[in-house]
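K.L.:
Structure in structure tokens, see below.
The values are calculated or read from the model by the stated rules, or taken from the named source; none is laboratory data. Since the model is a prediction, treat every value here as computed from it, not as a measurement. Cβ atoms come from the backbone with ideal geometry, glycine included; neighbour counts cover every protein chain shown.
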Amino acid sequence: MQQPNLILGTAMWGWTTPRETAFALLDEWYARGFREVDGATNYPINRQPEDFRRAENILLDWIKTHGVTDLEVMMKIGSVNNLRTPEHVLTKSFVLMMLDEYRYLFGKNLGTLMVHWDNREGAEAIGETLEALQTAIEKGLLVGLSGIRHPEIYAALNQDFQLDFRIQIKHNVLQSNYGRYAPFHGRRRFIAYGINAGGLKLDPALYAENSSLKARGADPDNLQPQVEKLNRIVAEANRSASRMAITAMYQIGLIYAFYQPDMQGILLGVSNLEQIKTSIDFYNVLNHNDYHDVFEKISSLK
């Protein structure tokens with residue numbers, strides 16, 4: 001089995017993750033040998049217009065501070081604000097404009113350009129977007145999709161373009177969009193995000209007031225039935241003394257993404273140094289131990 005790569009997420013940077021913490025996360029990430037970082041024009045999506053593009057600016061500041069030229073930054077474009085509205089622009093001219101802008105801003109550190117939050121149904125307009133993405137490939141970039149309402153239209157049009165999309169999908173124990181992208185199945189191209197189900201905890205006492213789950217407006221009490229089922233699976237899995245015990249939700253999230261067919265990458269939405277260290281450590285554990293039985297039991301819950 002070819003293991004998925006780890007990718008550092010930036011969705012909360014400038015919101016629940018301050019600049020100083022983001023710098024520390026990048027320092028640890030880089031020192032541990034990882035290079036892929038995910039971003040989007042509208043991060044953080046905190047409904048504060050003054051924070052529009054703040055996450056990418058934090059990343060750019062770190063790059064300039066350290067003179068780094070070997071990151072593989074994935075930038076998602078399309079959304080025109082960070083207000084959580086469906087408004088977006090993905091015309092050919094806009095995509096090409098953003099392609100030029102991000103190539104200028106990130107230089108050699110730009111690796112992938114992704115279409116983000118496309119709600120369109122018109123094949124002609126989407127076809128023009130694919131033409132622009134084809135130009136990105138000619139410039140030496142990878143291309144991708146994230147949050148696409150009609151992936152089947154993209155798949156049909158791509159029969160002519162033959163673009164090798166990377167595809168970001170929400171994928172966790174509560175929700176997975178993998179099935180929606182059935183036309184793209186059968187190839188290792190998917191990248192899981194939201195693996196911790198928005199900050200879900202196995203122990204409800206561990207929620208902080210500024211936790212990402214509460215920041216997104218969710219109520220932990222409503223999720224307790226699912227958490228109880230997961231805790232029963234964990235208790236059974238931990239009877240094995242031959243592998244590291246499962247003690248936290250991030251481990252379940254990693255397991256569920258690690259063994260999913262066609263998964264190319266796993267996005268880590270960590271918010272502090274302890275989280276990034278423990279996530280990387282458990283990822284390394286997964287590379288040398290078998291937790292496939294846990295994956296199967298989690299999958300059976302759905």
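K.L.:
Looking at this structure, is Lys76 surrounded by fewer than 21 Cβ atoms within 10 Å (Cβ to Cβ) and not in a loop (DSSP other than H, G, I, E, B)?
P.N.:
no
For (1) within 29 Å of Lys297 (Cβ to Cβ); (2) in a loop (DSSP other than H, G, I, E, B), each residue gets a yes or a no:
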{"residue": "Gln134", "(1), (2)": "no, no"}
{"residue": "Gly144", "(1), (2)": "no, no"}
{"residue": "Ile148", "(1), (2)": "no, yes"}
{"residue": "Glu152", "(1), (2)": "no, no"}
{"residue": "Gln159", "(1), (2)": "no, no"}
{"residue": "Leu163", "(1), (2)": "no, yes"}
{"residue": "Tyr181", "(1), (2)": "yes, no"}
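K.L.:
Here's something else I'd like to know. Looking at Arg84 and the list (1) buried (at least 20 other Cβ atoms within 10 Å of the Cβ); (2) at pLDDT below 95; (3) under 21 Å from Ile195 (Cα atoms), which single condition is not satisfied?
P.N.:
(1)
K.L.:
Could you list, in sequence order, the residues of the range 287-302 that are crowded, with 20+ Cβ neighbours inside 10 Å and part of a helix (DSSP H, G or I)?
P.N.:
If the condition is that a residue be crowded, with 20+ Cβ neighbours inside 10 Å and part of a helix (DSSP H, G or I), then Val294, Ile298 are the ones that fit.
K.L.:
Among the residues of the range 248-266, how many are modelled with pLDDT of 95 or more, surrounded by fewer than 21 Cβ atoms within 10 Å (Cβ to Cβ) and closer than 13 Å to Phe282 by Cα?
P.N.:
Looking only at that region, the number is 0.
K.L.:
Restricting to the range 86-124, name every residue that is of a type in the set (Gly, Ala, Ser), out of contact with any helix residue (DSSP H, G or I) (no Cβ under 7 Å at 6 or more places or on another chain) and under 18 Å from Ile153 (Cα atoms).
P.N.:
Answer for the range 86-124, where residues must be of a type in the set (Gly, Ala, Ser), out of contact with any helix residue (DSSP H, G or I) (no Cβ under 7 Å at 6 or more places or on another chain) and under 18 Å from Ile153 (Cα atoms): just Gly122.
K.L.:
I want to confirm something. Restricting to the range 1-22 and keeping residues that are part of a helix (DSSP H, G or I) and buried (at least 16 other Cβ atoms within 10 Å of the Cβ), which single residue is farthest from the chain's Cα centre (by Cα)?
P.N.:
Among those that are part of a helix (DSSP H, G or I) and buried (at least 16 other Cβ atoms within 10 Å of the Cβ), it is Thr21.
K.L.:
Just one of Gly107, Gly111, Gly127 is outside any helix (DSSP H, G or I) and surrounded by fewer than 21 Cβ atoms within 10 Å (Cβ to Cβ); which is it?
P.N.:
Result of the check over Gly107, Gly111, Gly127: Gly111.
K.L.:
I've got another one for you. Going through the range 270-283 one residue at a time, which ones are out of contact with any helix residue (DSSP H, G or I) (no Cβ under 7 Å at 6 or more places or on another chain) and either within 27 Å of Phe165 (Cα to Cα) or among the basic types (Lys, Arg) (or both)?
P.N.:
Once the filter is applied, which keeps residues that are out of contact with any helix residue (DSSP H, G or I) (no Cβ under 7 Å at 6 or more places or on another chain) and either within 27 Å of Phe165 (Cα to Cα) or among the basic types (Lys, Arg) (or both), the range 270-283 yields only Ile280.
K.L.:
Could I ask something else about it? Could you give every pair whose Cβ atoms fall below 8 Å, whose first residue belongs to the range 1-21 and is charged (D, E, K, R), and whose second residue is outside any loop (DSSP other than H, G, I, E, B), counting only separations of at least 6 or pairs across chains?
P.N.:
Taking only residues 6 or more apart or on different chains, the pairs are Arg19/Trp13; Arg19/Ile58; Arg19/Asp61.
K.L.:
Okay, next question. I'd like to know if the range 159-167 contains one or more residues that are in contact with a His (Cβ under 7 Å, 6 or more places away or on another chain) and at pLDDT 95 or above.
P.N.:
So far as the range 159-167 goes, no, none of its residues is in contact with a His (Cβ under 7 Å, 6 or more places away or on another chain) and at pLDDT 95 or above.
K.L.:
Report every pair of residues separated by at least 6 positions or lying on different chains whose Cβ atoms are under 9 Å apart, first residue within the range 194-213 and within 24 Å of Ile7 (Cβ to Cβ), second part of a loop (DSSP other than H, G, I, E, B) and at pLDDT below 65.
P.N.:
Matching pairs, first to second residue: Gly198/Arg216; Gly199/Tyr207; Gly199/Ser211; Gly199/Arg216; Lys201/Tyr207; Lys201/Ser211; Leu213/Tyr207.
K.L.:
Another one. So, in the range 114-124, of the ones that are touching a Leu at 6+ places or on another chain (Cβ under 9 Å) and part of a loop (DSSP other than H, G, I, E, B), which residue ends up surrounded by the most Cβ atoms within 10 Å (Cβ to Cβ)?
P.N.:
My answer is Asp118.
K.L.:
Further question: Kindly evaluate Thr16 against the criterion of being within 15 Å of Gln275 (Cβ to Cβ) and polar (S, T, N, Q).
P.N.:
Judged against the criteria, Thr16 is a match.
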